[in-house]
Every structure is written in C-alpha cells, then in structure tokens.
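The values are calculated or read from the model by the stated rules, or taken from the named source; none is laboratory data. In this text, all values refer to a predicted model and were calculated from it rather than measured experimentally. No Cβ is skipped: glycine too gets one built from the backbone with ideal geometry, and neighbour counts run over all protein chains shown.
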Amino acid sequence: MYPPKLQQIVDLFEALPDLEKRETLITYADQAKSQGPREGETFDLEDVRKDEECTDTVGVFLKVNPDRTTHYRVTLGPQVQTLTKAMTSILCKGLEGRTIEEVLEVPADFVPKIVGADLVRQRSQTVYYILTRMKSAATVWRNRDRAAALE
C-alpha cells in the first residue's frame, strides 16, 4: 500500500507504545538537518517559501531521474516545529527512489499511524505539511514535463 521504505517506518511506529513513538519522532527530528541539499547536488525543482501554516521557511528540492524516480531534499528554518522536522526525515527516507506517480499516490492515512491520533488532532496542519509540499513539487514537475512533451 505504501512505498516499501515508508511501510517499514510505519510498521516500526505501529509497534511502539506512545511514549516510545514520541521519542522516536524526536530522533527523526534530530536527523532533519541531514535531509538538506548537499554540495554539488542539482535539482529539477526548488521550492523555498514560508507558508501561513508553517512557522518558518521550508525548502523542498526535487531531483527526477531519467527513469522518473525521485530524490527529495528539504531545508527547514530554525523555527520549524519538531513534528515537521520528524516528518521531513520520515518522508525523505520513505519516498526515496519512488516515481513521481508513486509519490502522488501515497495516501496521507499513514500519518496517524506514525504520530498517533492525539498529535494529529493537536497539530493537524503540521503533520501533513511536508507531504503536501512534496506532492505539490511532484505535480509541478509532472505538469512541466507534460508541457515540454507537447512542444
């Protein structure tokens, strides 16, 4: 149902009690800085902005390989919340190597399985923000690709 790497992460979280889920989310949040662009990397799409529903600037960087598999990098401003940082790491790892179409088809119903229903209710916009931004980047890339094919 989910891409294999994302399914492994979902399975891990589903097996954890709530306290350990929160601790594991913090561990993922601590890894968020390592999800940013690395020196020498180039991207097909760069979307850096501050949206109303986020506390700081977020940059989503998308590289699409010739076989249409994706590679995401994300930068986060210093004020971005811990849960957004955690979801950044989870999604960058979980969607790595998936095609544009697979990314767009990922249902958001995995989020409560990872963060728990209580945090979803408390932080409803935050927990879905990064997934929405990644899908938006995939859509923009796909639309540009389609337009280029028509030229």
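Observations on the model:
Yes/no per residue for (1) exposed (fewer than 14 other Cβ atoms within 10 Å of the Cβ); (2) assigned to a helix (DSSP H, G or I):
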| site | (1), (2) |
| --- | --- |
| Pro37 | no, no |
| Pro66 | yes, no |
| Thr70 | no, no |
| Leu91 | no, yes |
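- Arg22 vs. criteria on the phi < 0 side of the Ramachandran plot, modelled with pLDDT under 95 and either buried (at least 21 other Cβ atoms within 10 Å of the Cβ) or not in a loop (DSSP other than H, G, I, E, B) (or both): yes
- Candidate set: the stretch 72-89, residues that are of a type outside the set (S, T, N, Q) and more than 14 Å from Ala137 (Cβ to Cβ); chosen: the one surrounded by the fewest Cβ atoms within 10 Å (Cβ to Cβ): Pro78
- Lys113 meets all of the listed conditions (1) surrounded by 13 or more Cβ atoms within 10 Å (Cβ to Cβ); (2) of a type in the set (Lys, Arg); (3) farther than 20 Å from Tyr129 by Cβ; (4) touching a residue at least 24 places away in the same chain (Cβ under 8 Å) but one, namely (3).
- Restricting Thr27, Thr57, Thr42 to those that are closer than 23 Å to Gly116 by Cα and either polar (S, T, N, Q) or touching a Gly at 6+ places or on another chain (Cβ under 6 Å) (or both) reduces the list to Thr27.
- Which listed residue is touching an Asp or Glu at 6+ places or on another chain (Cβ under 8 Å), of a type outside the set (Ser, Thr, Tyr) and modelled with pLDDT of 95 or more, from Arg98, Arg73: Arg73
- Residue pairs whose Cβ atoms lie under 7 Å apart, separated by 6 or more positions or on different chains, with the first residue in the stretch 38-51 and modelled with pLDDT of 95 or more and the second of a type in the set (Phe, Trp, Tyr) and not in a loop (DSSP other than H, G, I, E, B), are Phe43/Phe61; Asp44/Trp141; Leu45/Trp141; Glu46/Phe61.
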